[in-house]
Structure formats: structure tokens, C-alpha cells
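The values are calculated or read from the model by the stated rules, or taken from the named source; none is laboratory data. Nothing here was measured: the structure is a model prediction, and the numbers come from that model. When the accessible area is computed, the model is the full protein with side chains, heavy atoms only, and any ligands, DNA or RNA have been set aside. Shrake-Rupley method; radii C 1.70, N 1.55, O 1.52, S 1.80 Å.
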Amino acid sequence: LLVNLFKNKEYQDTILAICILEIMNQPLTFSLISEVSLSNAIFSSELIQNTDFIQLFPSKNSEILTKSSLYARNLLKNHFKGLYTVNKLLDVAEKFQKLRSNGNIESSIYNALLKFSFIERSLPNENKTNMLIRYYEQLKTRIDRLERTPHFWLQYAMARIAIDDFNNAQNCLDTAYAKAYEGYDTSY
């Protein structure tokens, strides 16, 4: 089913967005899917009436009917390439960094895109270690001021620990402590 749908890049972006939102436990409204996919393909009757798409993601009243986060994780891990996923997640993080002040949903999506646990769960096992490091390296250059926040360095340290790169993980933790401002809780 996905092979046919992935022939259209916008459909692939839309399916990735649905999976991301499902894992984040966010509403699967067409408008939010469009924002995350960076595409309006979800509003296309060609996609919504596509029999392959309907089998994967039935919809009703401009909303995808949820299946489960495990289903979405399986799709992400087994049917998307790591580099594609990383690049799309970076694009979405960059966009939602600007939208995060618009409301709770936007802020929640942005915060999830910074968390190691979300990124790690979203990537396929193939070449995962390189993709984790690539994600955090690119994130700090694409999002202004992020490298000045202790939370970012903590998340980056977790990615380094996951690949047994303990020296660089310690450097990231040291940087996190150095960036901690007065009143910042470092007990975690």
C-alpha cells in the first residue's frame, strides 16, 4: 500500500506527519497534519479517496481516525528511510519553533521534537546512531538560540550516551551545566 502512495512525495510527507502526530498523541485533524507535513496534500480528494490510503488511514469529518501509536511507530521505523525522517523532523522543528507561542499544541509538538526519547523512537534501526547525531548537530545550527539552552545539551548528551560516545556525552553534560541559569533545576 505504501509503495504506491510513496510515489507521490507530498503523500509520503503527509503519512509521515500522521505518524508523528499519532506518536505524540496529538489530534489528527487535517489542518494540523497539513502544518506538520508542510503540504496541503491531506486536503486533496485524490489522497483521501485513494483506496490504499483509506486502508491505512480512514478519515471522517476532516480528521484521520486514530489506530495506535504502535502502528505509527511501526510505519516510521520500517517504511521510512532514516535520512528522510531526520530531514523532515528538522524542517518541522524549525517551523514549530516559530509557531510554539501560538498555543499548547504547537508548543507541545516543538518540545517533543527536541526530546531524545521521541527522536530515538521515530528512527529506523538502520544507521540510527548516525541519524541521531546528525539530527542534534543540525538542530543546533537550524534553530537560533537552541545551543544556549541546557535542556538541548542534555538531550544531545542522551543521544551520545545511546551510541556509547561517553566522552562527548560528558562534554554535552558539562555544557548543559555551564548553560544552566539561576533557578534552573539540574536535579534531573
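A few notes on this one:
- Of the solvent-accessible surface of the range 54-188, computed with a 1.4 Å probe over protein heavy atoms with every protein chain present, carbon and sulfur atoms account for 46 percent.
- Each 5 Å bin from zero up to the one holding the largest Cα-Cα distance in the range 96-183 carries the following percent of pairs: 3, 15, 23, 24, 19, 11, 4, 1, 0.
- The 3J(HN,Hα) values that the Karplus relation (6.51, -1.76, 1.60; θ = phi - 60°) gives for the range 166-179 are, in residue order, 5, 5, 5, 4, 5, 4, 5, 5, 4, 5, 4, 5, 5, 7 Hz. Gly and Pro appear as x.
- Entry note, the chain: relative contact order of 16 percent, from Cα contacts under 8 Å with a spacing of 6+ residues.
- When the chain is treated as a Gaussian network with alpha carbon springs shorter than 10 Å, the biggest mean-square fluctuation among 122, 62, 45 belongs to 45.
- Here the Kirkwood formula puts the hydrodynamic radius of the range 33-90 at 12.8 Å, using every distinct Cα pair.
- Evaluating 6.51 cos²θ - 1.76 cosθ + 1.60 at θ = phi - 60° for every residue in the range 83-93, the Karplus couplings come out as 5, 4, 4, 4, 4, 5, 5, 5, 4, 5, 4 Hz, glycine and proline recorded as x.
- Legend: Rg and Dmax of the chain, from Cα coordinates, 17.4, 56 Å.
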